[in-house]
Amino acid sequence: MKNNLHAGLVGVPSAAAAVGIGELTAGVLRTDGPIVVVADAVVDASPQPAKELAISLFGTYDKLVLLLGIGAVLGLAAVLAGRLALRRPRAATGSVLALGAVGVFAVFLRRVDEPVAAVPVLLAVVTAGLGLRLLSRLAPEPAPAPRRAPAGAPEPATPETANRSVDQPSGGDSPDRRRLLQGAAGAVVIAAATGGVGRFLTSGASAGESRDVLRVPRAAEPLPPLPRNVDFGIRGLSPFVTPTSRFYRIDTALSVPRSTTEDWRLRIHGLVDRPIELDYADLLARPLVEADVTLACVSNQVGGELVGNSRWLGVRLGDLLREAGVRSGADQVLSRSTDGWTCGTPTETVLDGRDALLAIAMDGEPLPFEHGFPVRMVVPGLYGYVSATKWVTDIELTRFADRSAYWIDRGWAERAPIKTMSRIDLPARRTLPPGTHTVAGVAWAQRRGIDAVELQVDDREWQQADLAAVPGIDTWRQWRLDVPLDEGRHTLRVRATDATGYTQTARVAEPVPNGATGWHTVQVTVRK
Ligand SMILES: Nc1nc2c(c(=O)[nH]1)N[C@H]1C(S)=C(S)[C@@H](COP(=O)(O)O)O[C@H]1N2
Ligand SMILES: [Mo]
């Protein structure tokens, strides 16, 4: 018992101080701390089914759960390291060094071009080693081993030979124990102070300021305001413009990258005649355009919430690519974010005239950090993982045959246009009184537009729903229909037809590899 207590008092404060020093160094160097680096490596290394399971089990809390899990493992490892430090200090130092090597390896898994991220890891390892050394020296010597059998002359107890594994009867708070407690408390104070300052620095207070002072510039040719009839204004129906605070968020970033507009640079290079480098002012100096675009995640299940619509403001990426001079054969625009995530977009989709943007604002406000501040990509018609790079700083023209992006390496399709889809939002309740009810929802087929939405009640005829107005073909479209429902159980099904005349297939497909299919179906019970 007591040995475990001592091991904890040696190991846990050492580990805490190590994390604190790591965070502080990361803050000063403006890179990620050791915990995030390790967590990223865990995410990248986890097999796809594990990731999907985590997302479905924990929903948007999956990141928090991962961090808590890492914390728990770290705590356990700290106690073990403390034990080792008390018994075999050299072995303890050795295993800390081994952990450090693993940490540095984790850095290079995702941050090959950011070797500075190894520095906080290294300093954390040194801190852990020193902490274990110092605190284990403060630990009380064990009481003489209980006499078991007559034995020869006892060996003198050295740290190496002392048998500290035998539980000692409690002897109250010895002065020695008090020294250990003081040392441990000191390490915890160091951990809290350095960790606190580090968090403050990495939380990007300066980035927050940079975003706060930003005025959203006007578009060169602003779009007309949205017509009122894009929105039926029915309570519970997804509003035409998704409030940014409720816009879905999907990314692999464990800590949201926070750069300032002053720091931001974009490089356009690879298979181009004239590579370009831009800073934020250069970007704003170009004509800004607005576009109404509905973003959708390929992981969205039929009826799911991973879809949202906004009015984006940005610079046409196609214009920049034309300036750079795309060489023939460069069929992939490979974009990369500050945190090393990559995304491959077909070059032709950026050049074919659609509103492919380097966006700086959504719904009239600078992008929130979670949605890509200061600059992200938006390409209508393609699922997010092949088009919507947040925190984008690097664009390389290349070939699909030569390079593959993050999710492609994990089994998702190389090309992924958004499939025609519709969703039932209302009725919100599954139990209703008899009478006429408004059934309503949204449907989308970006780049084609929605021409019709039909609703089926039980196995009756499909009925045409009323459609709201739309500003273009790249957004979702609200639909509604009032239906009388008598007592009993009823099944509501929806399907959309896009402007090419294609009607959504009933065939059920999972999101992997290129988007779910099937009709969204809802059961309701009608009773008095
Ligand atoms: N840097 C970065 N950008 C990213 C991702 C990511 O993991 N990292 N995920 C993409 C995916 S899968 C989707 S669906 C969209 C979601 O954008 P949102 O979070 O703003 O809704 O961002 C895309 N851009
Ligand atoms: Mo996505």
(message) If amide hydrogens are placed 1.01 Å from N in the peptide plane, which non-local residues have theirs closer than 5 Å to the one on LEU485?
(response) GLY435, THR436, HIS437
(request) Could you pull the accessible area for GLU461 with a 1.4 Å probe, rounded to 10 Å²? (result) 150 Å²
(message) I'd like the accessible area for ARG267, computed on protein heavy atoms only with a 1.4 Å probe and all protein chains in place. Round to 10 Å², please.
(response) 110 Å²
(request) Working from Cα positions, state the angle (0 to 90°, nearest 10) between the long axis of helix 2-29 and the longest principal axis of the chain. (result) 50 degrees
(request) Quick one: give the max-minus-min coordinate of the C-alpha atoms of the chain along each principal axis, largest first, in Å. (result) 97, 68, 43
(request) Mind pulling the per residue volume of the convex hull built on the Cα atoms of segment 268-329? Å³ is fine. (result) 134 Å³
(message) What do you get for the angle between helix 48-58 and the principal long axis of the chain? Use alpha-carbon atoms, 0 to 90 degrees, nearest ten.
(response) 90 degrees
(message) Sort 323-335, 16-28 by packing, meaning the average of other beta carbons within 10 Å per residue, with the highest value first.
(response) 16-28, 323-335
(request) May I ask you to work out the translational diffusion coefficient for segment 168-311 at 4 °C, viscosity 1.567 mPa s, via Stokes-Einstein with Rh from the Kirkwood sum over Cα pairs, reported in whole µm²/s? (result) 60 µm²/s
(request) Using only C-alpha positions, report the orientation-averaged shadow area of the convex hull of segment 437-528, nm², one decimal. (result) 6.6 nm²
(message) Using the Karplus curve 6.51 cos²θ - 1.76 cosθ + 1.60 with θ = phi - 60°, what ³J(HN,Hα) values do you get for each residue of segment 451-460, in whole Hz, with x for Gly and Pro?
(response) 9, 8, 10, 10, 10, 10, 9, 6, 10, 7
(message) From the protein chains alone at 1.4 Å, what is the descending order of accessible area for TRP341, TRP444, largest first?
(response) TRP341, TRP444
(request) Provide the descending list of Cα extents for segment 365-476 along its principal axes, expressed in whole angstroms. (result) 58, 34, 28
(request) Report, in degrees rounded to the nearest 10, the 0 to 90 angle that the Cα long axis of helix 62-87 makes with the longest principal axis of the chain. (result) 10 degrees
(message) Explain nothing, just compute: Karplus ³J(HN,Hα) = 6.51 cos²θ - 1.76 cosθ + 1.60, θ = phi - 60°, for every residue of segment 408-413 in order, whole Hz, x for Gly and Pro.
(response) 5, 5, 10, x, 8, 5
(message) What are the ³J(HN,Hα) couplings of segment 431-446, residue after residue, when phi is run through the Karplus curve with 6.51, -1.76, 1.60 and θ = phi - 60°? Round to Hz, x for glycine and proline.
(response) 10, 9, x, x, x, 8, 10, 7, 9, 7, x, 10, 9, 9, 7, 3
(request) Compare ILE473, ILE70 by solvent-accessible area with a 1.4 Å probe and give them largest first, with all protein chains kept in place. (result) ILE473, ILE70
(message) Quick check: Cα centre of segment 232-303 to Cα centre of segment 434-511, how many Å?
(response) 28 Å
(request) Could you look at the chain and say what percent of its accessible area is carbon and sulfur, using a 1.4 Å probe and all protein chains? (result) 58 percent
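The values are calculated or read from the model by the stated rules, or taken from the named source; none is laboratory data. As the structure is a prediction and not an experimental result, all values here were calculated from the model. Neighbour counts run over all protein chains shown; Cβ positions are idealised from the backbone, glycine included. Accessible surface areas use protein heavy atoms only, side chains included; no ligands, DNA or RNA. Shrake-Rupley method; radii C 1.70, N 1.55, O 1.52, S 1.80 Å.
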